[in-house]
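Data block below; observations after.
All of the numbers you see were taken from the coordinates with simple rules; none came from a lab. Every value quoted in this text rests on a predicted model; they were computed, and no experiment measured them. Note: ideal-geometry Cβ built from the backbone for every residue, glycine included; neighbour counts use all protein chains shown.
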Amino acid sequence: MTQADRRRISTVLIVGKRDSPEALPSIRRVARLVESRGAKAIFDPLTARALGRRAQPAAALRAGLCIVVGGDGTLLWAARSIASRRVPILGINLGGLGFMTETAPEEAASVLKETLQGRFDISRRMTLEVSLLRRGRPVTRQSALNDVVITKSALSRMVDLKVSIDRHMLTVYRSDGLIVSTPTGSTAYSLSAGGPIIHPEMAALLISPICPHTLTMRPVVIPATSRVEVTLQTGDSEVYLTLDGQVGHPLRAGDRVRVRQGATPVLMVRSRRRNYFEVLRRKLRWGER
C-alpha cells in the first residue's frame, strides 16, 4: 500500500441502489456516518435525485473514496462510471451474495472510521476493454469488471462462435453462448457455467462456453496479456453481447468482439477483517450440511 492510500479522505462519493426504496435509509445512514467523521458526502446524479438532494459533479472529481451502498450490480455500475479514475471503492452489501460488496451493514460504522482515516488495504482488480466491430468498423468500445457474455435469446438455436487468441485459432464453439471473464468475474456467470474460481487479484482471462454441444469443450484460462476475438458465425438467431450483465448490444452475423485487459484496474477497499477464502466459505456456504 502506498503513502497515497494512507492519507485521510475528505470527500466521499456515495453511489446507492436507486431502484430500491428500502435502500434509501441505508444510504442516508452512510452519508451521516461519513459527515460525522468530518468528511464531505456527495452523491452521483441518480442517487442524489432519489434522495431529493442536489448532485455535485465538480466535487465528485475530487472524491478520494467511492462508497457503494447496494449489491454487486450497483458496484459494477459504479466501477464503469469511474473507470478512468483511480478512486478506491468500498462496497456495503445490501444485496444477496455480495462477493465485491463484502462489508455488512452492521460493520459499516467501524469500517468507515478506519477507511476515512486512511487505514485500509487495496485490492487491484483487472478490467476488460471490449470492442465490437461490424464489417470491420468499430461500433462501440466499453469496459467491464466482471465479464463479457455472448448469448442467444431464449427461443434461438445454438450459435457458432469462432474464437481466436492472439490471432491463433482456438475453436468454434457451438453452444448457447460464451463468457470471457476476469478473475473477479469468475464467481459470477462463469461459475454457473462450470468455470473455475480464480483469485481476484490474479492476472488472467477465463473463457467459458455456455452449455456447449460437445462436452469435451471445457473452460480455458489464458494469460491476461492475451487478446481474444470472438466472431459470430450464426445468422439465423437472436444473439446479444452483454457487459457485466447490464449493458447490451444486439449482434449480427460476422460481428467480431475483441476483448483484452483494460488499461486501468478497479481499486477495491479490501477488508482487514476477513480474507478472500473466508468470503468464499461464507458466501458459497462451503462445509455446511
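A few remarks follow.
- Förster-model FRET efficiency, 45 Å R0, residue 280 and residue 137, C-beta, rounded to 0.05: 0.60
- Reachable lysines from residue 17, criterion Cα separation under 25 angstrom, eight or more residues apart if same chain: 40, 113, 283
- In the chain, the DSSP beta bridges split such that about 80 percent are antiparallel, to the nearest 5.
- Stretch gain in nm, segment residue 217-residue 124, where the contour uses 0.36 nm per residue and the Cα spacing is subtracted: 30.4 nm
- Remark: relative contact order (the chain) = 19 percent; criterion is Cα-Cα distance under 8 angstrom and separation of 6 or more residues.
- In percent, rounded to a whole number, the relative contact order of the stretch 128-261 is 31, using alpha-carbon pairs under 8 Å and six or more apart.
- FRET efficiency for the residue 35 to residue 81 pair, using the beta carbon distance and R₀ = 22 Å, is estimated at 0.45.
- For the chain, calculated [θ]222 nm from helices alone, where every DSSP H run of n ≥ 4 adds -39500 (n - 2.57): -5000 deg cm²/dmol
- Euclidean distance between Cα centres, the stretch 230-285 to the stretch 155-186, Å: 12
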